[in-house]
Amino acid sequence: MQSTAALVLAARGIIDYPVFVFANTGDDSEHPDTLEYVRNVAMPYARTKGIEFVETQKRRLGKHERQTLLRAIYERQRSIPIPIYMSGGGPGNRACTIDFKIKVIDKWIAENGGRDAGLVTLGLGITTDEIQRARVHEIEKVRGFMKAIEYPLIDLHINRSRCQRIIQDEGLPMPPRSACWFCPFHSRVEWTRLRSERPDLFERAVELENFINHKRTVIMGKDEVYLHPSCRPLDEAVGLQMSFSKWDLCESGYCMA
């Protein structure tokens, strides 16, 4: 939602970002609703407004073939690149945002004029009601160019509700929440919604959790882990009754930059 609102503001000339980059974690990994919105709504809208909208993806090491987050989970022998919940309740190591979002976008920038530009300004779609996700303004060197991170929605004092109004006023449909369908950062509400509205994806998430635990217990000799914040197996933790807690959010801001 925040990134779509930023796209509308760029189209109106309120903020100056001529290129929007969507780092796809994989067609088998991103929620299908996210991919449908990006490709059928956001990209065509950007084209009509003269804004370049790019979809990019991680490549397999030493190959031209695309790598997906889901494939990486299944292929890696002794690591799990998503912040799955440990038996004690805390999240495990998280490599997905860095490897499949941040580095992918940085690579695209480097290969598409970033090194020649020297300094590149990267805006992240974070609003005032989630300001804790924003880092201190800083400039860092990556892949041969200097990257300055900005938060245009925060600078304009825009919150999530105003993002909704901006999108509605532009006549665009409301975007779905952007996340991988198996993301451990789903709230209880979102897991229940997935089971109710997309039982096919929910069953795949159960299978993925079972696979991860087989790898951990049999191959690695470790305890079980969980996709659900209750630290219980998905098929036990998720009922079909909706609750109304606030959605959890991926704090990086890199779902689209």
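If you go through region 233-250 and keep only what is part of a loop (DSSP other than H, G, I, E, B) and either modelled with pLDDT of 95 or more or surrounded by 14 or more Cβ atoms within 10 Å (Cβ to Cβ) (or both), you end up with PRO233, VAL238, ASP248, LEU249, CYS250. Restricting ILE167, ILE109, ILE131, ILE154 to those that are without any contact (Cβ under 8 Å) to a residue 24 or more places away in the chain and within 20 Å of the chain's Cα centre (by Cα) reduces the list to ILE131. Checking the structure you have, find out if any residue of region 195-209 is exposed (fewer than 13 other Cβ atoms within 10 Å of the Cβ), within 30 Å of ALA10 (Cα to Cα) and over 20 Å from the mean Cα position of the chain (by Cα). Looking through region 195-209, none of the residues is exposed (fewer than 13 other Cβ atoms within 10 Å of the Cβ), within 30 Å of ALA10 (Cα to Cα) and over 20 Å from the mean Cα position of the chain (by Cα).
Of all residues in region 14-53, those satisfying the criterion of being part of a loop (DSSP other than H, G, I, E, B), within 23 Å of HIS157 (Cα to Cα) and in contact (Cβ under 8 Å) with a residue 60 or more places away in the chain are ILE14, ILE15, TYR17. Restricting attention to region 84-109, the residues being surrounded by 18 or more Cβ atoms within 10 Å (Cβ to Cβ) and in contact with a Gly (Cβ under 6 Å, 6 or more places away or on another chain) number 1.
What are the residues in region 155-168 that are closer than 7 Å to THR127 by Cβ and in a helix (DSSP H, G or I), if any? Scanning region 155-168 gives ARG160, CYS163. The listed residues are LEU61, LEU69, and the only one of them that is among the aliphatic types (A, V, I, L, M) and without any contact (Cβ under 8 Å) to a residue 12 or more places away in the chain turns out to be LEU61.
Which ones in region 41-71 are aliphatic (A, V, I, L, M) and within 18 Å of the chain's Cα centre (by Cα)?
Correct list: VAL41, ALA42, MET43, VAL54, LEU69, LEU70.
Within region 66-80, at least one residue is farther than 22 Å from LEU227 by Cβ and either modelled with pLDDT under 95 or among the aromatic types (Phe, Trp, Tyr) (or both).
Of the residues ALA6, ALA42, which single one is in contact with a strand residue (DSSP E or B) (Cβ under 8 Å, 6 or more places away or on another chain), surrounded by 17 or more Cβ atoms within 10 Å (Cβ to Cβ) and within 30 Å of GLU203 (Cβ to Cβ)? I'd like the intermediate steps shown before the answer.
Values: ALA6 fails: within 30 Å of GLU203 (Cβ to Cβ).
The match here is ALA42.
Check whether at least one residue in region 104-115 is in a loop (DSSP other than H, G, I, E, B) and either under 30 Å from GLN164 (Cα atoms) or not β-branched (Val, Ile, Thr) (or both), and report yes or no.
Step one: list which residues in region 104-115 are in a loop (DSSP other than H, G, I, E, B), which gives none.
So far as region 104-115 goes, no, none of its residues is in a loop (DSSP other than H, G, I, E, B) and either under 30 Å from GLN164 (Cα atoms) or not β-branched (Val, Ile, Thr) (or both).
The values are calculated or read from the model by the stated rules, or taken from the named source; none is laboratory data. Treat the numbers as computed from the prediction; the structure is a model and nothing was measured. When we count neighbours, we look across all protein chains shown, and the Cβ atoms used for this are built from the backbone with ideal geometry, even at glycine.
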